[in-house]
Amino acid sequence: MSSPSALDRALVACCRASYYISLLGLKIPSALCVRASRAPHVLAFIACVWCPFLLYAHVSLLPKVPELTQESAVKVWHVLTALWITIPLLVVGSVILSVVRAAGPLKMFGAALAAVAGFHLLVVPLIAKTTAGLVLLHALFVFFEDMPVVGWLWCLTHVVRLQRHIAVRQAKRETPFVPPRGAGDTSLIVGNAPTVTEGAPLGSVIDSFNHVVRFNSYSVSKPEYTGTKVGFHFCNGRNFPTNKSVQAVCPLFFATLTHAVYLFMPHMEDAREIFANLTSQKVDAWFVEEDTIQELRKKIGCRFWQIPTSGMVAIDAFLANREHVSLHGFNFFAGKKIHYFEESATQLITSWLERFVTHDPSFEKVWVGGLVQKGRVSFLTKQHEAAEDNADAKEAVEVPEGKMAAEKGEELRRRTPGIVHTLLKDGWPSQFSL
């Protein structure tokens, strides 16, 4: 395979930059408040309103910055620099430093923060009203505003096309979450919390269930803890299972506009390939409907910008046709480590933003606790502990009873002569003693 050309590498770099700018800026967080079904309207708004505004900014607004007073021009620069660079840097730094204590990252973050502070305090006042500053302002505007908007147009186009495809294709299908075929038809939902590889190894117990559900970038590298069985793979749409016996489920594509775009945005250079895979007859993916997710949001009590996690969507989907499901690997984001497997820097940032912004673990914990009280769900570790306690109790009851019967018979045989002797000696009047 030939190595990618310089143009291809530049395109990938622009795509990655556009994604991170949208993620750490206001675009992706703002889209959390918009329903995925509004994608056609947002696409039309960006194309017909926002793009002309960006052009107007380049032609009319930005050239007026040097014409402002020194104080006003500096304020404009400070605000734009903070939105584009300073605030995202602080977000990334706080996430990385919360889990990394090595000297290298600390020094890098400190150096970057010092450079940005120096730019605010020393560089901005010097260039705010200069021609060089105006050229730099146009370049920064292209990088932080124009380029991400092009990425949004590209991704939203594929989102709208995919939504239309799903509406036609999925309307003819039955849900994969079918009722149990008997009392022994069991289901286990395995989350990605660190508790999967903590405590007693339950891999064999996990594999004993009829249906095992796993999520996103799950790992079975420690089969004694994780097991190896998987029947349902709840994923983001890019990491589909290669095994045709595994049912792929996209739980959050219809959750918000952010999640719909996220299907393509991290690798928007592969958007056409991702769309082709999702619409291919070879991929049997099920997309959880928007109405189902909205109803689940009400059940959990999510805030208007928050959505349920994939785990909650899976629980709700299975309980729609089942009386009970078992859970494992759910700790509701307790502790600093989020998943039981290692994550890349990109995944780490995304996971932490989801933990503190997109989801509310406390609400989900309360909702699952209510299901536990109703007997609809139970945790595998508690089931296993209860089974072991019952086995120990049964052994403690059965074995001593047998020993007790034997000992009692032996004791009776030993005691019989003593009883006869006592009766002969002391049970009768002493004058009749032998």
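The values are calculated or read from the model by the stated rules, or taken from the named source; none is laboratory data. Fair warning: this is a prediction, and the values are worked out from it, not measured in the lab. Cβ coordinates were reconstructed from backbone atoms using ideal geometry, including for glycine residues, and neighbour counts include every protein chain displayed. Just the protein is used for accessible areas: all its heavy atoms, side chains included, with ligands, DNA and RNA removed. Shrake-Rupley method; radii C 1.70, N 1.55, O 1.52, S 1.80 Å.
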Item checked: Single residue of Ala271, Ala285 found to be modelled with pLDDT of 90 or more, among the aliphatic types (A, V, I, L, M) and surrounded by fewer than 23 Cβ atoms within 10 Å (Cβ to Cβ) -> Ala271
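The rows are residues; the columns are (1) open to solvent by 40 Å² or more (accessible area, probe 1.4 Å); (2) of a type in the set (Phe, Trp, Tyr); (3) under 19 Å from Val142 (Cα atoms).
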site	(1), (2), (3)
Glu71	yes, no, no
Val74	no, no, no
Val79	yes, no, yes
Leu90	yes, no, no
Ser94	yes, no, no
Ala115	yes, no, no
Next item on the list: Select from the range 202-235 the residues that are outside any loop (DSSP other than H, G, I, E, B) and hydrophobic (A, V, I, L, M, F, W, C) and write down the one among them that is farthest from Phe318 (Cα to Cα).
Entry: Val205
Next item on the list: Look at Arg161 and say whether it is open to solvent by 30 Å² or more (accessible area, probe 1.4 Å), at negative phi, touching a helix residue (DSSP H, G or I) at 6+ places or on another chain (Cβ under 7 Å) and assigned to a helix (DSSP H, G or I).
Entry: yes
Next item on the list: Could you check, for the range 51-65, whether at least one of its residues is within 28 Å of the chain's Cα centre (by Cα), farther than 16 Å from Leu263 by Cα, surrounded by 17 or more Cβ atoms within 10 Å (Cβ to Cβ) and not small (Gly, Ala, Ser)?
Entry: no
Note to self: Suppose we filter the range 358-386 for residues that are under 23 Å from Leu32 (Cβ atoms) and not in a helix (DSSP H, G or I); how many remain?
What the structure shows: 2
Check: Val325 is checked against (1) in contact with a Phe, Trp or Tyr (Cβ under 7 Å, 6 or more places away or on another chain); (2) closer than 20 Å to Ala36 by Cα and fails just one. What number does that condition carry?
Finding: (2)
Next item on the list: Identify the single condition in (1) surrounded by 11 or more Cβ atoms within 10 Å (Cβ to Cβ); (2) among the small types (Gly, Ala, Ser); (3) under 20 Å from Lys129 (Cβ atoms) that Ser22 does not satisfy, given that it satisfies every other one.
Entry: (3)
Notebook entry, point to check: In the range 283-306, what residues are in contact with a Lys or Arg (Cβ under 9 Å, 6 or more places away or on another chain) and more than 27 Å from Tyr19 (Cβ to Cβ)?
Noted result: Asp284
Check: Of all the helices (runs of 4 or more DSSP H) wholly in the range 26-85, which have at least 1 residues that are over 26 Å from Arg355 (Cβ atoms) and free of Cβ contacts under 8 Å to residues at least 12 places away in the same chain?
Finding: 39-45, 51-56, 70-81
Margin query: Just to verify a result, which residue in the range 315-333, among those that are in a helix (DSSP H, G or I) and either in contact (Cβ under 8 Å) with a residue 40 or more places away in the chain or open to solvent by less than 10 Å² (accessible area, probe 1.4 Å) (or both), is farthest from Gln247 (Cα to Cα)?
Written below: Leu319
Check: Which condition does Leu136 not pass, out of (1) within 19 Å of Gly25 (Cα to Cα); (2) open to solvent by 60 Å² or more (accessible area, probe 1.4 Å), if it passes all the others?
Finding: (1)
Item checked: Residue among Ala17, Ala10 that alone is among the aliphatic types (A, V, I, L, M) and in contact (Cβ under 8 Å) with a residue 40 or more places away in the chain -> Ala17
Note to self: Tell me the residue from Ala139, Ala115 that is out of contact with any Gly (no Cβ under 7 Å at 6 or more places or on another chain), closer than 30 Å to Ala44 by Cβ and either free of Cβ contacts under 8 Å to residues at least 12 places away in the same chain or not in a helix (DSSP H, G or I) (or both), please.
What the structure shows: Ala139
Check: Within the range 357-380, can you find the residues that are under 15 Å from His324 (Cβ atoms), open to solvent by 40 Å² or more (accessible area, probe 1.4 Å) and of a type in the set (A, V, I, L, M)?
Finding: Val372
Note to self: Being open to solvent by 20 Å² or more (accessible area, probe 1.4 Å) and in contact (Cβ under 8 Å) with a residue 60 or more places away in the chain is the filter here; which residues of the range 234-261 pass it?
What the structure shows: Gln247, Leu252, Phe254, His259
Next item on the list: Could you tell me which residue of the range 164-200 is surrounded by the fewest Cβ atoms within 10 Å (Cβ to Cβ), considering only residues that are touching a helix residue (DSSP H, G or I) at 6+ places or on another chain (Cβ under 8 Å), among the hydrophobic types (A, V, I, L, M, F, W, C) and not in a strand (DSSP E or B)?
Entry: Ala200
